[in-house]
1. Per-residue mean of other chain beta-carbon atoms within 10 angstrom of the beta-carbon, peptide A:262-270?
2. Measure up A:LYS192/A:LYS270; A:LYS69/B:LYS316; A:LYS50/A:LYS309; A:LYS50/B:LYS69; A:LYS343/B:LYS69; A:LYS86/B:LYS326 against 26 Å on the Cα-Cα distance and list the ones that go over.
3. Once you put a point 7 Å from the Cα of A:VAL351 and another 7 Å from the Cα of A:LYS256, both along the Cβ direction, what distance in nm separates them?
4. Please give the FRET efficiency for B:ARG21 paired with A:ILE396, using the beta carbon to beta carbon distance and R0 = 45 Å, rounded to the nearest 0.05.
5. With everything on Cα atoms, drop me the angle between helix A:210-220 and the longest principal axis of chain A, reported from 0 to 90° to the nearest 10.
6. Which residues does the label zone of B:GLU416 cover in the stretch A:8-50, counting backbone N under 17 Å from a point 7 Å along Cα→Cβ?
7. Ignore the peptide's own chain and count Cβ atoms of other chains within 10 Å of each Cβ in B:99-111; give me the average, rounded.
8. Could you tell me how far the Cα centroid of the stretch A:314-375 sits from the Cα centroid of the stretch B:106-150, in Å?
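None of the figures in this text is laboratory data; all of them are computed from the coordinates on show. Just so it is clear, the model here is predicted, and its values are computed rather than measured. For neighbour counting, all protein chains shown are included, and Cβ atoms are generated from backbone atoms with ideal geometry for every residue, glycine included.
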2 protein chains.
Amino acid sequence: MSTLIENALIVTQDQTRRIFRGNVQFDGDTITYVGREKPKSESIIDGTGKIVIPGFINTHAHVGMSASKGLFDDVDLERFLDMTFKYDAQRTEDGIFNSARIGMYEMINAGITSFVDLYYSEDVIARAAEQVGIRAFLSWVTLDREFTTQKGDPLDNAENFIRSHRNMRFVRPSVGVQGIYVASDETYHRAKEIADRYDTILHMHLSETRKEVYDSVKKIGERPIEHLDRIGVLSDRVIAAHCVWSTYHEAKILGKDNVNVSWNSVSNFKLATGGVPPIPEMFEAGANITLGTDSNGSNNSLNFFEVMKFSALTLKNARWDASAIKSQQILDFATINAANALKINAGSIEVGKKADIVILDARAPELIPTSEINVVNNIVYSAGPGIVDSVIIDGIFRKKDGKLIGFDQSGLSSAENFI
Amino acid sequence: MSTLIENALIVTQDQTRRIFRGNVQFDGDTITYVGREKPKSESIIDGTGKIVIPGFINTHAHVGMSASKGLFDDVDLERFLDMTFKYDAQRTEDGIFNSARIGMYEMINAGITSFVDLYYSEDVIARAAEQVGIRAFLSWVTLDREFTTQKGDPLDNAENFIRSHRNMRFVRPSVGVQGIYVASDETYHRAKEIADRYDTILHMHLSETRKEVYDSVKKIGERPIEHLDRIGVLSDRVIAAHCVWSTYHEAKILGKDNVNVSWNSVSNFKLATGGVPPIPEMFEAGANITLGTDSNGSNNSLNFFEVMKFSALTLKNARWDASAIKSQQILDFATINAANALKINAGSIEVGKKADIVILDARAPELIPTSEINVVNNIVYSAGPGIVDSVIIDGIFRKKDGKLIGFDQSGLSSAENFI
């Protein structure tokens, strides 16, 4: 069925970053018209007073932990990890499934149409994603056997997960690595080999904490990014979450290897282990910068507007320079750059792209007044989930008129549902 | 008329910070019952799945600039000030009135029930506040005559404003000072004398930027806080916005003088001039810490949830210590501390207090699951304006079932309405 959103302010995120008042048509799962004409359509959405943008793409999450919000706060990292490991150890499949659903609803509510996850039990999360209807790039986490509580070999588990989830509508399976502190060179090589063989992303934590970096230097004489570069693991398949503890030299490595960086500013600040990564230097060197929420356990929300604003402001402050990063760059990180990282036909409002579309209410007080001249600033610095009017994923409305569609709260009423 | 909110999770912010499931009754403008009983009431609100908290109190705003969002972003401070002064110079009374209304609606939408403003033309803003129905502590800004574009003497203007606005329902008039860079000792003394005579707050910018502090040291050999202490201006009447460029010694001065500090973290980071003030040291010394949004020109939103989370996270990061500040402290800053700063009978859910009440929707995905054990964490780290179900100010619903009441958008449709 063809649907026309008419008379909206459209932020295309196309090659020229065109912004104009006009109309967008989609038919089935694909955008079929973008312009000032009004092609005949079966359904019409009045876009007056609305803004149309491509859906946000969250490149680092642990959505199975979405119900752990508010449980591990205001404590140091050691205690945080201790508490999360204890929480994790007692979890059931139902608990993970329900937590994943809650996180997916929260993401859709905030305009996120695709996300990249790193966790075990991704088969359970895949089931939730197909039910909720959000694009899910699910990376089964691997690590050395001596460190895992997974049954069997994590790398076999990852490969089995990929093999059995290759023909789904919303799910794209892939492989991940927990981090250099629990993964040998062999684990990295085997994970890379699986990613190459099945042509998937290779998702990992990288240089998140000072301890991780200095332990690595002590143990092998190299910083994590230097090491993974030398052993040949880094490439444009890699989505490297955090990269906060990076030198300018490492920023150059990330650029040379065409790595996709997932900047998780809110989580890094909340855990107080990260600070601000050298984003301008990574960008300059050619790395592809994207944004991530991390989990509700450390963030504690999956609000992409917050991530965009927080990232911009913390970088400005770190450089004592309000022009150190601009709203258009941040919006690129949140949309088209992330689509490029995932090699999906999304991230912009253009004919032939997937119908992953977000409509914002420009008549909310937060956005009054908004016009062509300040719309990108207002999306990045003034908007929030409360002004997301509609979310369309693969041509299907998942939020409409400010309300989630199909948000079934049964079985989600008490903490016991999420363990 | 008596109204009972029943079966809600109540975060009282009373002396013992009691949190419990129960019922809150208000009658007219006053809270008349808080407990587990259900006193007979004319109107019943079902609070199942809801959280009741006291309304937030924003201690630093320039609400007349609310329509300038997205106009001055991503530029250095010099260019920012140049652009805002040019914008200000061409403004009309209607423009200020409409901008103030938009800002007030945005604040109510985010659960703010009282705010403190610093601007000229506070008479126009007073008219907007009485129309919209939000508690407005309006400080007419003063500065030396050579620096102002105000007609007449700013101090006379401030005094006239106070005299003519003393008997209003929502407005409390007061006096302010722009800052040490445009105000002589005589201006500070006269402003203080007015505040003392009319028993009002004395609202000011203080130690916001490095330049302000170092210019002061160069010119008079003292840092701004040291200087204002020595000349006898600081007291518990003072609401000092920013205080980011403060030494530990100055933190002690703020404590000794019982100053109310308004911490404006989002604005400070966005302008990249501020950083993180020594909040733990100020707190330790006895200063009363509160939170402010600053204006849409520099923030660019009036989202108090964002201010709470941003403040907490930037302090944690600055100290490399996730336990450096806790959610309960932040909620205190946002509510009861600010009520103490303003000497108003609000800031907590207790019998006899003003009926300034906010109801949050705990069934939104952002807050699932919430219980007594994590509700304060979830308010500070996971919530947002989109989950504010209702806002009651002085006993009147200004937002209900997630919708602003009486939000009249006529005359607010284009940028021309706000100049």
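1. Mean partner-chain Cβ count within 10 Å for A:262-270: 3.
2. Distance filter (> 26 Å) returns A:LYS192/A:LYS270; A:LYS343/B:LYS69.
3. Label at A:VAL351, label at A:LYS256, 4.3 nm between them.
4. Plugging the Cβ-Cβ distance into 1/(1 + (r/R0)^6) gives 0.75.
5. The angle comes out near 40 degrees.
6. none
7. Mean number of neighbouring Cβ atoms from other chains: 3.
8. 32 Å
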